[in-house]
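The values are calculated or read from the model by the stated rules, or taken from the named source; none is laboratory data. None of these values were measured; they are calculated from a predicted model. No Cβ is skipped: glycine too gets one built from the backbone with ideal geometry, and neighbour counts run over all protein chains shown. Ligands, DNA and RNA are stripped out before the accessible areas are found, and what is left, the full protein with its side chains, is counted by its heavy atoms. Shrake-Rupley method; radii C 1.70, N 1.55, O 1.52, S 1.80 Å.
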Amino acid sequence: SEEKEMNSLQQVKVVKVTTPAAIVDNAAFTTDAIDTKGWNEALFIVEFGAMDIAMAALKLTESEDSGMSGAADISGADFSVSPATLPSATADNLLFGISVKLGGNRKRYLDLSATGGDGTAGTYMSVIVVLTKGSESPNTAAEQGFSQCLYV
């Protein structure tokens, strides 16, 4: 019998950090901390919708606590630090990413700290993270973070 080869995209987990929701103006976005245990890489994908003001903050933090107590900024993962720049008022419909090597001295939980600037209306934003190179591959669509996933 012919054994079906696993697609490398079946060896990832996708997790919601910030769901598409109401526009945010001059406030922090609600985000969920990500448990990275068992994974070697994480890619945070930030998608902006309509926005009329630059972001006030966009950076990644880490903690050993799932509630993110004592969270510390991750060096090199802050868009306000040169050579990076915070997404501007004209970043409508653009994607921004932060790729992180896990393990070593990296703490277990990661979270995105995102604050919309003070505009007339504000900013729409959603965020997902793709975890890769896990110590175990997910066996189902649900373990990959999906309600359903079609494999073609």
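What the table shows:
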quantity	calculated
13 Å beta-carbon shell around Thr61, net charge (K/R +1, D/E -1)	-3
Residue-level accessible surface for Phe44, protein heavy atoms, 1.4 Å, Å²	0
Under-21-angstrom lysine pairs by C-alpha in the chain, whenever the two are 8 or more apart or on separate chains	19
For the range 1-75 and the range 82-152, distance of Cα centres in Å	3
Percent carbon-and-sulfur accessible area, the chain, ignoring ligands, DNA and RNA, probe 1.4 Å	49
Amide H partners (placed H, <5 Å) of Asp25, local residues excluded	Thr123
Packing rank of 112-122, 65-75, where each peptide gets the mean count of other beta carbons within 10 Å, highest leading	112-122, 65-75
Globularity index of the chain, i.e. its alpha-carbon radius of gyration over 2.2 N^0.38 Å	1.13
Residues of the chain: accessible area per residue with a 1.4 Å probe, Å²	59
From phi via Karplus (6.51, -1.76, 1.60), per-residue ³J(HN,Hα) for the range 65-81 in Hz, x at Gly/Pro	10, 5, x, 6, 5, x, 4, 10, 5, 9, 4, x, 10, 10, 6, 8, 9
Ordering of 144-151, 46-53 by packing [mean C-beta count within 10 Å, highest first]	46-53, 144-151
Mean separation of Cα contacts under 8 Å (6+ apart) over length of the chain, as relative contact order %	44
